[in-house]
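Let me begin by presenting the structure, written as structure tokens, before commenting on it.
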Amino acid sequence: MAEETRQKFSGREGSGGNPLFQNGVPSRFPSSPKVFFIGAGPGDPGLLTVKAAQVIAGAGLVLFAGSLVPPEVVAGAGETARVLDSSGMTLEETHALLVAAVRGGQVAVRVHTGDPALYGAVAEQARLLTRDGVPWEIIPGVTSASAAAAALGVSFTMPEATQTLILTRLAGRTPVPEAESLRALAAHQSSMAIYLSAGDPEGLARELLAAGLCPDTPVGVACRVGWPDEQTFFTTIASLPADVHAHDITRQTLFLVLPHHDAEARSKLYDPDFTHGFRP
């Protein structure tokens, strides 16, 4: 049975196998001219999905923000592809390039750090493409929160302790809705992944404490996760500002607030006294 399962999901069982593989080797993902928004993951090129790598390989235009996406992520682009760093471009400039490529019969790729659905400004780009009749598609990526949790070896959800993860940010130059203030969200005392807040560690700690979290609440810090100069360490809310400054951290950092990090309840799924459809 185990061997049958392996064959079924390896793409080698008859003609109806995995379309992304041919004889166990990744095949190029076919597509007509359109724009692909691709999640590059947090920085490690190995975290790029197979589908994303295939589309990049077949694209005529690849735009990537060099300030956030390592060039190694787009190194698989074809020899004739235009690979441009968009970090100094405006929305109007990137839009013009994408439209021109698609109308010229090419696949155009817009590479975003992490996952495009989180802080990626995809919605405003997609609106312009839809307005101009240009087809587009999103290929998801590994968000930095998942990569940070993996690098730190932690779990966001813990049996009988917390089943919720909040992804948010501290208000700064970019405001957040009043109902979504960090203080209000932290009051739930669930796990949190806080983005785009490294520039104000004092404000971050102040808001968490004001929400009622204990000063010794564990916080995992992941700076430039997936990059060669990655830094990861644990601290507490009380020690957060001093430790952030000591590590000279100012940007590209995730803060994982883990009030239930030390919970030890056992999962029901693997409890021998807990029955379900696959284990009577």
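The values are calculated or read from the model by the stated rules, or taken from the named source; none is laboratory data. It should be emphasised that the depicted structure is a prediction, and the values quoted were computed from it without experimental measurement. Glycine gets a Cβ as well: all are built from the backbone with ideal geometry, and neighbour counts include every protein chain shown. The accessibility values were calculated without ligands, DNA or RNA, using every heavy atom of the protein model including side chains. Shrake-Rupley method; radii C 1.70, N 1.55, O 1.52, S 1.80 Å.
Table for the structure above
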read-out: Alpha carbon convex hull of the stretch 164-267, volume per residue in cubic angstrom; value: 108 Å³
read-out: Accessible-area order (highest first, 1.4 angstrom probe) of the listed residues Thr235, Thr130; value: Thr130, Thr235
read-out: Percent carbon-and-sulfur accessible area, the stretch 192-261, ignoring ligands, DNA and RNA, probe 1.4 Å; value: 54 percent
read-out: Loop GluC sites (Glu not before Pro), the stretch 115-162, which have at most 13 other Cβ atoms in a 10 Å radius of their Cβ (DSSP); value: Glu160
read-out: Reduced Cα scattering model of the stretch 73-216, Debye log10 I(q)/I(0), q = 0.10, 0.17 Å⁻¹; value: -0.50, -1.06
read-out: Karplus 3J(HN,Hα) series, Hz, for the stretch 178-188 with 6.51 cos²θ - 1.76 cosθ + 1.60 (x for Gly, Pro); value: 4, 5, 10, 4, 4, 4, 5, 6, 5, 4, 5
read-out: Paramagnetic reach from His188 in the stretch 108-124 [backbone N under 18 Å; point 7 Å along Cα→Cβ]; value: 118-119
read-out: Gyration tensor (Cα) of the stretch 29-131, equivalent ellipsoid semi-axes in angstrom; value: 18, 16, 13
read-out: Per residue accessible area of the stretch 122-231, 1.4 Å probe, in Å²; value: 49 Å²
read-out: Estimated FRET transfer efficiency (Arg127, Gln231; beta-carbon r; R0 35 Å; 0.05); value: 0.45
read-out: Full-stretch length increase - Glu137, Thr250 - with 0.36 nm per residue and alpha-carbon distance subtracted; value: 37.4 nm
read-out: Computed lengthening from Asp216 to Ala150, 0.36 nm per intervening residue step minus Cα-Cα distance; value: 21.5 nm
read-out: Two-site label geometry, Ser67 and Ser239: point separation in nm, points 7 Å out along Cα→Cβ; value: 3.3 nm
read-out: Semi-axis lengths, Å, the stretch 87-159, gyration tensor of Cα atoms, sqrt of 5 times eigenvalues; value: 32, 12, 11
